[in-house]
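Written below as structure tokens is the structure these notes are about.
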Amino acid sequence: MKNIEKKVLIRFLVCIGALIVLVPLGYLTKLFNFAALGASIKINFTNIVKIVILVLAVIAVETVIVVLLRLIKPKDHHAKTLISITASILKYVAFIVIVCWSLTIIGVNVSTVFASVGILALVIGFSAESLIADVVTGAFMLFENQYNVGDIVEVDGFRGTVSDIGIRTTCITDPGGNIKIINNSSMKNILNRSDNASRSVCDIGIPYETDIEKLEAEFPRLLQEIYDKHPDLMKKPPVYLGVNALADSAVVLRFVVEVDESDIYVGARTLNHDIWMALRSVGVEVPFPQVDVHSK
């Protein structure tokens, strides 16, 4: 944290020093000719009304286009990403159009303004490197198709569905409805869990006195029955992997089943329930912690 604050302070001092040198040079060379600029500015009631109409019209057009884009329901995740980023870009374009057109209405030569503030923009640009990094990373992410709207991803331990991708940020929504907004430049070491089928896991204990060989002979039938109940949830019949642990009061068995990533928790809950009921149907009760007391 201290290193980050030190870098920010150094950058701030460099920018201040650059401004101290560049601003006087701009006045001496008449680069910043604000007097001439002010002479051409015409602020009156008519121009204000024009600007208000312009702002409302541009916002209305931008809103209509965004709503039309949102009405499109593509099945392809990449198409959803393109729509999301297009809607984000439109907001920035609308803002730029409003600013430039408004300045033109009141008599400001926009090209002169851009030339005048070019050096200042260059200096400020050093402080906006994170913004530039977000935009560039977003562009590369789009072309490389690393993840899309609708994909289930995990970033820095936060797992959820990509709900929106903008030109600067990405929104990820977890199963609880919590939304995490992450800068595109921070979307590193992404685990995209939508590319392949996922596995729901069930660890369940049986008593030590259980005849495990006899019980294992029943598993093919029991697991097929569980799959037949949930063919829409499970891609294949559950698989028995074997003894996973020898716990204090139980022999822990492990089962897995392939499901879609979006159903991984539902699959685990369903498998827990059905395995437990299947064990009870063959006379095996799931044990609870027990203590043996020996007295002389």
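The values are calculated or read from the model by the stated rules, or taken from the named source; none is laboratory data. Model, not experiment: these values are computed from the prediction. A quick note on method: Cβ atoms are made from the backbone with ideal geometry, for glycine too, and the neighbour counts reach across all protein chains shown.
Just one of (1) modelled with pLDDT under 80; (2) within 20 Å of GLY267 (Cβ to Cβ) fails for ASN189. It is (2).
For residues that are hydroxyl-bearing (Ser, Thr, Tyr) and under 16 Å from GLN224 (Cα atoms), scanning just the range 246-287, find the one that is surrounded by the most Cβ atoms within 10 Å (Cβ to Cβ).
Going through the range 246-287, the residues hydroxyl-bearing (Ser, Thr, Tyr) turn out to be 249, 262, 265, 270, 281.
Adding the requirement that they be under 16 Å from GLN224 (Cα atoms) leaves 270, 281.
On the way: THR270: 21, SER281: 11.
Among residues in the range 246-287 that are hydroxyl-bearing (Ser, Thr, Tyr) and under 16 Å from GLN224 (Cα atoms), the one surrounded by the most Cβ atoms within 10 Å (Cβ to Cβ) is THR270.
Looking at the range 164-211, what strands (runs of 3 or more DSSP E) fall wholly within it and have at least 3 residues that are of a type in the set (A, V, I, L, M, F, W, C) and under 13 Å from the mean Cα position of the chain (by Cα)? Spell out how you get there, then give the answer.
Details: elements: 169-173, 179-183, 198-206.
Filter on the range 164-211 gives 179-183.
Within the range 47-70, residues that are free of Cβ contacts under 8 Å to residues at least 40 places away in the same chain and assigned by TED's automatic domain parsing to the domain that holds VAL99 have Cβ atoms under 7 Å from residues that are small (Gly, Ala, Ser) and in a helix (DSSP H, G or I) in these pairs: ILE59/ALA94; GLU62/ALA94; VAL66/ALA87; LEU69/ALA87, counting only partners at least 6 apart in sequence or on another chain. Looking at TYR240, TYR227, just one residue is aromatic (Phe, Trp, Tyr), at pLDDT 90 or above, surrounded by 13 or more Cβ atoms within 10 Å (Cβ to Cβ) and in contact with a helix residue (DSSP H, G or I) (Cβ under 8 Å, 6 or more places away or on another chain), and that residue is TYR240.
Matching residues to (1) out of contact with any Ser or Thr (no Cβ under 8 Å at 6 or more places or on another chain); (2) of a type in the set (A, V, I, L, M, F, W, C); (3) under 16 Å from VAL135 (Cβ atoms); (4) buried (at least 17 other Cβ atoms within 10 Å of the Cβ):
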{"residue": "ILE65", "(1), (2), (3), (4)": "yes, yes, no, no"}
{"residue": "ASP76", "(1), (2), (3), (4)": "yes, no, no, no"}
{"residue": "THR81", "(1), (2), (3), (4)": "yes, no, yes, yes"}
{"residue": "SER84", "(1), (2), (3), (4)": "yes, no, yes, yes"}
{"residue": "ALA87", "(1), (2), (3), (4)": "yes, yes, yes, yes"}
{"residue": "VAL93", "(1), (2), (3), (4)": "yes, yes, yes, no"}
{"residue": "LEU103", "(1), (2), (3), (4)": "yes, yes, no, no"}
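Scanning the range 106-131 for residues that are surrounded by fewer than 13 Cβ atoms within 10 Å (Cβ to Cβ) and modelled with pLDDT of 65 or more turns up SER111, SER130.
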